[in-house]
Amino acid sequence: MEGKKALRLLPWPVTLIGTYHEGRHNLMTASWVMQVSFRPPLLMVSIAPERYTYELLTKSGEFVVSILAADQMEIANFCGTHSGRDTDKVKALGLKTKPATQVRVPLLEDCVANLECRLVSLHPAGDHVICVGEVVGGSVERGEASPLLLLDWQPGALCK
């Protein structure tokens, strides 16, 4: 289908969606992420409802979007191919975290930036659910780094 081929040419940011509930910190790779409003600052992430991240997000009502740097494709691949039900991804990858200021989900120290979000609404959309969150906090960790992008399923970087 030509439409599917065209969709592959839409550049996607590569992020990690962090969730935390009852002592379990999980990270999921996600590229279907975008800002949807300035006032209030809202963003959306599209998550399949069978994912462990979706379970933790809906139980806790909060999440963090961590924007990965161009040199972090290995982290994206690992977090996208291992389930947090079975693997402590933070420990397995040796990721550095720090407390967030507005949510209970830990922030990643070595990414480009973190966006702390409180869940506002859920919208079923095909085989995924659009999770809308209000950005209630954020931090820039590596502002000099180029964000990691996918284009036609291939990793790349935003030119600065």
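Remark: spin-label model distance Arg85-Thr101 equals 3.7 nm, labels positioned 7 Å along the Cα→Cβ axis. Rolling a 1.4 angstrom probe over the protein heavy atoms with all chains in place gives the range 17-141 an accessible area of 49 Å² per residue.
In the chain, the ratio of gyration radius to Kirkwood radius, Rg to Rh, stands at 0.94 when only Cα atoms are counted. Subtracting the Cα-Cα distance of Leu122 and Glu2 from 0.36 nm times their residue separation leaves 40.2 nm of extension gain.
If you roll a 1.4 angstrom probe over the protein chains with everything in place, what fraction of the accessible area of the chain belongs to carbon and sulfur, to the nearest %? Intermediate results must be reported in sequence, preceding the final value.
Values: 4930 of 8740 Å².
It is 56 percent, rounded to a whole number.
Compute the signed sum of charges (Lys and Arg +1, Asp and Glu -1) over the other residues within less than 13 Å, Cβ to Cβ, of Asn114.
Within the 13 Å Cβ shell, the charges total -2.
Against the criterion of solvent-accessible heavy-atom surface with a 1.4 angstrom probe, Glu116, Glu55, Glu2 sort, most first, into Glu2, Glu55, Glu116. For the chain, the 222 nm mean residue ellipticity estimated from helices alone, with every DSSP H stretch of n ≥ 4 adding -39500 (n - 2.57) and the total spread over all residues, rounds to -4500 deg cm²/dmol.
The values are calculated or read from the model by the stated rules, or taken from the named source; none is laboratory data. From a predicted model like this one, the values you see are computed outputs, not experimental measurements. For neighbour counting, all protein chains shown are included, and Cβ atoms are generated from backbone atoms with ideal geometry for every residue, glycine included. With ligands, DNA and RNA removed, areas are computed over all heavy atoms of the protein, side chains included. Shrake-Rupley method; radii C 1.70, N 1.55, O 1.52, S 1.80 Å.
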